[in-house]
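*Asks:* The structure that follows is given in the form of structure tokens.
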Amino acid sequence: MIQQGNFLLLDINEFRTWLQKQKVTRRIKGLQVHHTGSPNYSTRKMINGIAQQDHFACLEGMRNYHINTNKWKATGQHITLFEDGKVGVSLDRDLNMTPACIYNNNAGYVGIEIIGCFDKGADTMTEVQRKATIHLYAALCERFYVPVNTDKIVYHAWFTASGTRLEDYTPGKSSKSCPGTAFFGDGNTIGTANKNFLPQVKAELNRLRNNISNATPITTKPKDDEPMTEAEKLQMSTLEKTVKQQAEWIKTEKEKANMECPTWAQEAYAYYKDYIKDAKGSYDFWRMLVIDYRKENKIKASK
Ligand SMILES: [Zn+2]
């Protein structure tokens, strides 16, 4: 693990342990999937599969573009995944900050950029990067209880430029082809995600949960889509139900809200802040928010 400038560079095998140590007070509901387009394997100056450009130079270059050209306050994404499996963590966009990656669809998401241009005819993802991608998404799903499906693991291509979710990648309507029309060897559609990418993430998640080996990415491609166990299904549906109830309840309560967030509710407020428009509510609203916060985190801790 090396820290330099505005980034931390990890080996993929260090990522899961690093992630488990992070204190995340924002509620994470999903993960975004992006390719960088540029930088890509050409700008990385790949010779025989090895990039000649320094990792930090590449990361700082993106940050510079996001800040000086896009006028964002920091690097857009939280995490960048390199062609050699190294993971760049943005120190100026920690996991408690909302990413700037999909217009109007960033709240509650982790922004991940995979280095390369995976459109048809462009870069072919290295085997190391392919395995690292699967492991990275599985580790994030494990840490944040993100269900492995196309509602919660989203490709940029499934949104319009104004942030409307589409049924699928739709050339002409999608804001971008990102993560590439040949992402993971086949494409950027809902169908290819369900057939190829997500089953591999699911299998890796299963492997991590069963502690088959602590932090080594998978070495072989799984044959089948591993179904969730009954316990996992129950846990997932309980969690989703709780979150849905909370969202509805927060909405109703907000209508009779007036009290500023009291000190004892600030931790819970920080956790749900993406779902609450401003810091005002009745005494009961704040009390219940704290109860829900404790309940949800106990569910997570009891895993
Ligand atoms: Zn994108």
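Just so it is clear, none of the values below were taken in a lab; they were calculated from the coordinates. Since the structure is predicted, the reported quantities are computational estimates derived from the model, not experimental observations. So basically every Cβ, Gly included, is an ideal-geometry build from the backbone, and we count neighbours across all protein chains shown.
*Asks:* Which is farthest toward the positive dipole end of the chain among ALA265, THR133, GLY187, measuring Cα position about the Cα centre, with Cβ charges +1 (Lys, Arg) and -1 (Asp, Glu)?
*Replies:* ALA265
*Asks:* May I ask you to compute the full-extension gain from LYS73 to LEU234, defined as 0.36 nm times their residue separation minus their alpha-carbon distance, rounded to one decimal in nm? Walk me through the numbers before you get to the answer.
*Replies:* Working: separation 161, 0.36 × 161 = 57.96 nm, distance 4.02 nm.
Gain in length upon complete extension: 53.9 nm.
*Asks:* Say each of THR124 and ASN196 gets a label point 7 Å from the Cα, pointing the same way as Cα to Cβ; how far apart are those two points in nm?
*Replies:* 1.3
*Asks:* What does DSSP give for the chain in terms of the percent of beta bridges that are antiparallel, rounded to the nearest 5? Numbers along the way, then the final one.
*Replies:* Working: 16 of 26 bridges.
Of all bridge pairs located within the chain, approximately 60 percent are antiparallel.
*Asks:* I've got another one for you. Past the 20 Å Cα-Cα mark, which pairs from LYS241/LYS280; LYS29/LYS195; LYS241/LYS298? Walk me through the numbers on the way to the answer.
*Replies:* Details: LYS241/LYS280 25 Å; LYS29/LYS195 22 Å; LYS241/LYS298 15 Å.
As for pairs spanning more than 20 Å Cα to Cα, those are LYS241/LYS280; LYS29/LYS195.
*Asks:* Specify the angular offset, from 0 to 90 degrees and rounded to the nearest 10, of the alpha carbon long axis of helix 12-21 from the longest principal axis of the alpha carbons in the chain.
*Replies:* Orientation of helix 12-21: about 10 degrees from the principal axis.
*Asks:* VAL110's amide H: which non-local residues (gap 5+, or another chain) put their own amide H closer than 5 Å, with H modeled 1.01 Å from N in plane and none for Pro or chain starts?
*Replies:* GLY30, LEU31, GLN32
*Asks:* Apply the a/c threshold of 1.5 to the C-alpha gyration tensor of segment 1-79 and tell me whether it is rounded, prolate or oblate.
*Replies:* Values: a/c = 1.78, a/b = 1.27, b/c = 1.40.
Cα axes put segment 1-79 in the oblate bin.
*Asks:* Mind running the shape call on segment 47-95? Use the C-alpha gyration tensor, a ≥ b ≥ c as the square roots of the eigenvalues: rounded below 1.5 for a/c, prolate if a/b tops b/c, oblate otherwise. Walk me through the numbers before you get to the answer.
*Replies:* Values: a/c = 3.23, a/b = 1.70, b/c = 1.90.
Taking the square roots of the gyration eigenvalues as a ≥ b ≥ c, segment 47-95 is oblate.
*Asks:* Also, quick follow-up: GLN20 to ASN64: extension gain in nm, 0.36 nm per residue of separation minus the Cα-Cα distance?
*Replies:* Working: separation 44, 0.36 × 44 = 15.84 nm, distance 2.89 nm.
Roughly 12.9 nm would be gained on extension.
*Asks:* Out of LEU95, LEU31, LEU239, any idea which swings most in a Gaussian network model of the chain, alpha carbons joined below 10 Å?
*Replies:* Judging by the Gaussian network model, the answer is LEU239.
*Asks:* Can you give the angle from 0 to 90° between the axis of helix 55-64 and the longest principal axis of the chain, with both taken from C-alpha atoms, to the nearest 10?
*Replies:* 60
*Asks:* Quick one: work out the % antiparallel among DSSP beta bridges in segment 19-131, nearest 5.
*Replies:* Values: 5 of 12 bridges.
About 40 percent, rounded to the nearest 5.
*Asks:* Of the residues THR170, THR229, THR133, which exhibits the maximal mean-square fluctuation in a Gaussian network model of the chain defined by a 10 Å Cα contact cut-off?
*Replies:* THR229
*Asks:* Right, next: ³J(HN,Hα) across segment 121-137 via Karplus (A = 6.51, B = -1.76, C = 1.60, θ = phi - 60°), whole Hz, x for Gly/Pro?
*Replies:* Computed from phi, the couplings for segment 121-137 are x, 9, 5, 9, 4, 5, 4, 4, 5, 4, 5, 5, 4, 4, 5, 4, 5 Hz.
*Asks:* Okay, moving on. Contact order normalised by length for the chain, with contacts defined as Cα pairs under 8 Å and 6 or more residues apart; what percent is it? Let's see the in-between values first.
*Replies:* Numbers: 490 pairs, mean separation 55.5, N = 303.
That works out to 18 percent.
*Asks:* Cα axis of helix 230-255 to longest principal axis of the chain: angle in degrees, 0 to 90, nearest 10?
*Replies:* 60
*Asks:* Here is a follow-up. When the Karplus curve 6.51 cos²θ - 1.76 cosθ + 1.60 is applied with θ = phi - 60°, which whole-Hz ³J(HN,Hα) does each residue of segment 258-264 get, with x for Gly and Pro?
*Replies:* Computed from phi, the couplings for segment 258-264 are 7, 8, 5, 4, x, 3, 5 Hz.
*Asks:* Using a Förster distance of 25 Å, how high is the FRET efficiency between SER162 and ASP274, based on the Cβ-Cβ distance and rounded to 0.05?
*Replies:* Details: r = 20 Å, r/R0 = 0.78.
E between SER162 and ASP274, to the nearest 0.05, is 0.80.
*Asks:* Please check: in the Gaussian network model of the chain (C-alpha springs, under 10 Å), which one of GLN77, GLN20, GLN32 has the largest mean-square fluctuation.
*Replies:* Taking springs between Cα atoms under 10 Å, the residue moving most is GLN20.
*Asks:* Going toward the positive end of the dipole of the chain, with +1 on Lys and Arg Cβ and -1 on Asp and Glu Cβ, which of ASN64, GLY30, ASN297 do you reach last?
*Replies:* ASN297
*Asks:* Looking at segment 1-91, which trypsin sites (Lys or Arg not before Pro) are DSSP coil and have at most 13 other C-beta atoms within 10 Å of their C-beta? If you can, show how the numbers build up before the last one.
*Replies:* Numbers: sites: ARG16, LYS21, LYS23, ARG26, ARG27, LYS29, ARG44, LYS45, ARG63, LYS71, LYS73, LYS86; in loops: LYS23, ARG26, ARG27, LYS29, ARG44, LYS45, LYS71, LYS73, LYS86.
Hits after loop and neighbour filter: LYS23, LYS45, LYS71, LYS73.
*Asks:* Can you compute the charge dipole magnitude of the chain about its Cα centre, using +1 on each Lys and Arg Cβ and -1 on each Asp and Glu Cβ, nothing else charged? Give it in debye, rounded to the nearest 20.
*Replies:* Numbers: 42 positive and 34 negative charges, 111 e Å.
It works out to roughly 540 debye.
*Asks:* Check GLN4: other-chain or 5+ apart residues with amide H under 5 Å from its amide H, H built from backbone geometry?
*Replies:* LEU9
*Asks:* Quick one: which residues, 5+ away or cross-chain, put their amide H under 5 Å from the amide H of THR181? H built at 1.01 Å from N.
*Replies:* Placed amide hydrogens put ASP119, LYS120 under 5 Å from THR181.
*Asks:* Given 0.36 nm per residue, what is the gain on full extension from MET259 to ASP186 after removing their alpha carbon distance, in nm? Provide the component values of the computation, followed by the final result.
*Replies:* On the way: separation 73, 0.36 × 73 = 26.28 nm, distance 5.22 nm.
Roughly 21.1 nm would be gained on extension.
*Asks:* How large is ³J(HN,Hα) for each residue in segment 161-168, as worked out from phi by the Karplus curve 6.51 cos²θ - 1.76 cosθ + 1.60 (θ = phi - 60°), to whole Hz, x for Gly and Pro?
*Replies:* 4, 8, x, 7, 6, 9, 5, 6
*Asks:* May I pose another question? Excluding residues fewer than 8 places away in the same chain, name every one of the aspartates and glutamates whose C-alpha is closer than 14 Å to that of LYS273.
*Replies:* Partners found: GLU260, ASP292.
*Asks:* Same structure again: With the Cα gyration tensor of segment 2-227 giving a ≥ b ≥ c as the square roots of its eigenvalues, does the rule (a/c under 1.5 for rounded; else a/b larger than b/c for prolate; else oblate) give rounded, prolate or oblate? Please list the in-between numbers first.
*Replies:* On the way: a/c = 1.17, a/b = 1.07, b/c = 1.09.
Rounded.
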